[in-house]
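Worksheet: one structure, shown below.
The values are calculated or read from the model by the stated rules, or taken from the named source; none is laboratory data. Small disclaimer: the values here were computed from a predicted structure and weren't measured. Please note: Cβ atoms are built from the backbone with ideal geometry, for glycine as well, and neighbour counts cover all protein chains shown. For accessibility, only protein heavy atoms count, side chains too; no ligands or nucleic acids. Shrake-Rupley method; radii C 1.70, N 1.55, O 1.52, S 1.80 Å.
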Amino acid sequence: MAAPDVRFRFLGDTPLGADVRGQQAFRDWFDLLQQHLPGVRLQLEDVVAGGWPWNTRVAVRLRVSSTLNDGTPYRNTAIQWLTLRWGRMTDDLVLEDTLTLDAALRQQNSLSQ
C-alpha cells in the first residue's frame, strides 16, 4: 500500500527515531522495531479519515504492546497521521509516548549487555 517514495517519520530521540523515504527504508524500520521489541503488536483502536481519493488524510490511534526480554510487559499508545493518494500511502507520521518507549529500550539494552 506504500507508494515507492513513501516518507516515514517516527518522532522522538530514541533508537527508533526515523525520517526515511522509500519502501525499502520503510521495511527496514519495521525490522529495526522487531529487533528492539521482538513480537511487538500494533492494535488498532480508532480511525478517522477524510478527503478525496487523490488526497485522503487518515488519523489512527494504536495500542502498542510487547514483552521485554526480562518478561516485563511493554504497553504504549501511538498516534499515526497518514496521507493517501489514490489509495497509496505517501506520508506516514507516527508519534508514540517517547518517555515510555525510551525507558523500555534502555531496559532492553541494559539486559543485552
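What number of residues within the stretch 58-102 are closer than 15 Å to Val6 by Cβ, open to solvent by 60 Å² or more (accessible area, probe 1.4 Å) and either in a strand (DSSP E or B) or in contact with a strand residue (DSSP E or B) (Cβ under 7 Å, 6 or more places away or on another chain) (or both)? Outline the logic, then answer.
Step one: list which residues in the stretch 58-102 are closer than 15 Å to Val6 by Cβ, which gives 58, 80-94.
Narrowing the set further to residues that are open to solvent by 60 Å² or more (accessible area, probe 1.4 Å) leaves 81, 85-86, 88.
Filter once more, keeping what is either in a strand (DSSP E or B) or in contact with a strand residue (DSSP E or B) (Cβ under 7 Å, 6 or more places away or on another chain) (or both): 81, 85, 88.
Of the residues in that region, 3 qualify.
Which one of these is at pLDDT 95 or above, in contact with a Gly (Cβ under 7 Å, 6 or more places away or on another chain) and either surrounded by fewer than 18 Cβ atoms within 10 Å (Cβ to Cβ) or outside any strand (DSSP E or B) (or both): Asp5, Asp46?
Working: Asp46 fails: in contact with a Gly (Cβ under 7 Å, 6 or more places away or on another chain).
Asp5 is the lone residue from the list that is at pLDDT 95 or above, in contact with a Gly (Cβ under 7 Å, 6 or more places away or on another chain) and either surrounded by fewer than 18 Cβ atoms within 10 Å (Cβ to Cβ) or outside any strand (DSSP E or B) (or both).
In the stretch 16-38, what residues are under 24 Å from Asp70 (Cβ atoms) and open to solvent by 50 Å² or more (accessible area, probe 1.4 Å)?
Across the stretch 16-38, the qualifying residues are Phe30, Asp31, Leu32, Gln34, Gln35, Pro38.
Looking at (1) surrounded by fewer than 16 Cβ atoms within 10 Å (Cβ to Cβ); (2) touching a residue at least 60 places away in the same chain (Cβ under 8 Å); (3) outside any loop (DSSP other than H, G, I, E, B), which is the only condition Asp13 fails?
(3)
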